[in-house]
C-alpha cells in the first residue's frame, strides 16, 4: 500500500514523470546499444567522414577520426549506466551501515565507535569529491574500474550522515525500546528495525547524487583518468572535441548536452522521490 501510494505520487508529478521517462529511454538505449547504434562506435573513415556536420547519414556528425557521434553516445551510455549502478551498489550500503551503526552507538558505552566513524566521515567530507576522486585514481592508475572505485569511495559519507540523523531519531522510538526490553541484540535492532526506516531517505539522496556521480565520472574521463580510448566515454568525448569547439562545435556539444539531459533527469526523479516518500505528504493529501 505504501509503495503504491508513493508510485502514484511520483507519476502524478509531471516533472518527476518526465525525468523517469528520460531515464527509462536512457536505460533502453544502454541495454540495446548494439542494436540501436546506426554505425560502429569504434571504426572511422579519416578520408571520407572526418568532422562531418550533422546530417541525414550522421545525425550528430562525426568526430576527428570519422566515427559516428550518435553511435558513440549510445555505446557511451553503457559506461555511464555501469558507473551509476556500481557506485550506488558500492557506496549506498556502506554509508547506510556506517550511519546506522554510528547513530545507534551515539549514546552509552559504545559512543567512542560513533566518534570514530563520524570523524572518518568528516575527513572524507572535507575534500571536494572530484579532487578526492582524482587523488584515488592517480594512486590506483587510470581506467574505468579504478574510476568507479574512486567515485564509490568518495560518495558514501553523505549517506552516512543522513542515516545517522535518522537513526538518532528512531533510537528513541517506542518500538526500538520495546525490542530492547524483549532482549533483542543491537545488531538485530539496527538491521531489522532501523535500517528499513532509514532506507527511503538514503534512496532519495542517492537519486539526487546521480547527477554528481555522472559529472565526476565525466570529469575523470575529460582528464584522461576514466575509460581509456577507444572506449566511447562521454567526458573523454568532450575532451577530444574541445580542440574543434569553434568550428566543429558538435563534436563536444553532443556529449555535453547528453550529460546535461541525463543529469537533469536524475535530479527531476530525485525531487519526485523526495516528495513521494515524505510521510508528511500523506497528511497534506
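Does residue 176 satisfy the criteria of being touching a helix residue (DSSP H, G or I) at 6+ places or on another chain (Cβ under 9 Å) and either at pLDDT 90 or above or under 19 Å from residue 88 (Cα atoms) (or both)?
Details: touching a helix residue (DSSP H, G or I) at 6+ places or on another chain (Cβ under 9 Å): yes; either at pLDDT 90 or above or under 19 Å from residue 88 (Cα atoms) (or both): no.
Criteria not met by residue 176.
What pairs can you find where one residue is in region 194-218 and at positive phi and without any contact (Cβ under 8 Å) to a residue 12 or more places away in the chain, the other is crowded, with 18+ Cβ neighbours inside 10 Å and not in a helix (DSSP H, G or I), and their Cβ atoms are less than 7 Å apart, with a gap of 6+ or different chains?
none
Touching a residue at least 60 places away in the same chain (Cβ under 8 Å), within 20 Å of residue 210 (Cβ to Cβ) and in a helix (DSSP H, G or I): is that true of residue 165 in this structure?
Here the answer is no, as residue 165 does not meet what is asked.
Residue-by-condition table, conditions (1) more than 21 Å from the chain's Cα centre (by Cα); (2) surrounded by 15 or more Cβ atoms within 10 Å (Cβ to Cβ):
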residue	(1), (2)
16	no, yes
22	no, yes
29	no, yes
36	yes, yes
39	yes, yes
44	yes, yes
53	yes, no
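For the structure I just gave you, tell me whether residue 236 is part of a helix (DSSP H, G or I), within 21 Å of residue 132 (Cβ to Cβ) and either within 26 Å of the chain's Cα centre (by Cα) or modelled with pLDDT under 95 (or both).
For residue 236, the condition - part of a helix (DSSP H, G or I), within 21 Å of residue 132 (Cβ to Cβ) and either within 26 Å of the chain's Cα centre (by Cα) or modelled with pLDDT under 95 (or both) - is met.
Residues in region 79-92: is at least one surrounded by 16 or more Cβ atoms within 10 Å (Cβ to Cβ), out of contact with any helix residue (DSSP H, G or I) (no Cβ under 8 Å at 6 or more places or on another chain), in contact (Cβ under 8 Å) with a residue 24 or more places away in the chain and closer than 30 Å to residue 230 by Cα?
The answer is no, given that none of the residues of region 79-92 is surrounded by 16 or more Cβ atoms within 10 Å (Cβ to Cβ), out of contact with any helix residue (DSSP H, G or I) (no Cβ under 8 Å at 6 or more places or on another chain), in contact (Cβ under 8 Å) with a residue 24 or more places away in the chain and closer than 30 Å to residue 230 by Cα.
From the list 57, 45, 64, 34, exactly one residue is farther than 28 Å from residue 190 by Cβ, out of contact with any strand residue (DSSP E or B) (no Cβ under 6 Å at 6 or more places or on another chain) and in contact (Cβ under 8 Å) with a residue 24 or more places away in the chain. Which is it?
64
State whether the residues of region 130-138 include one that is in contact (Cβ under 8 Å) with a residue 40 or more places away in the chain, part of a helix (DSSP H, G or I) and out of contact with any helix residue (DSSP H, G or I) (no Cβ under 6 Å at 6 or more places or on another chain).
yes
Looking at region 234-251, can you tell me whether even one residue there is more than 28 Å from residue 62 (Cβ to Cβ) and touching a helix residue (DSSP H, G or I) at 6+ places or on another chain (Cβ under 6 Å)? Reasoning before the result, please.
The first filter runs over region 234-251 and keeps only residues more than 28 Å from residue 62 (Cβ to Cβ), leaving none.
Within region 234-251, none of the residues are more than 28 Å from residue 62 (Cβ to Cβ) and touching a helix residue (DSSP H, G or I) at 6+ places or on another chain (Cβ under 6 Å).
Conditions tested, residue by residue: (1) assigned to a helix (DSSP H, G or I); (2) modelled with pLDDT of 95 or more; (3) buried (at least 20 other Cβ atoms within 10 Å of the Cβ).
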site: 74; (1), (2), (3): yes, yes, yes
site: 94; (1), (2), (3): yes, yes, no
site: 103; (1), (2), (3): yes, no, yes
site: 106; (1), (2), (3): no, no, no
site: 113; (1), (2), (3): yes, no, no
site: 124; (1), (2), (3): yes, no, no
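The values are calculated or read from the model by the stated rules, or taken from the named source; none is laboratory data. The structure presented is a predicted model; accordingly, all values stated were derived computationally and were not measured. Please note: Cβ atoms are built from the backbone with ideal geometry, for glycine as well, and neighbour counts cover all protein chains shown.
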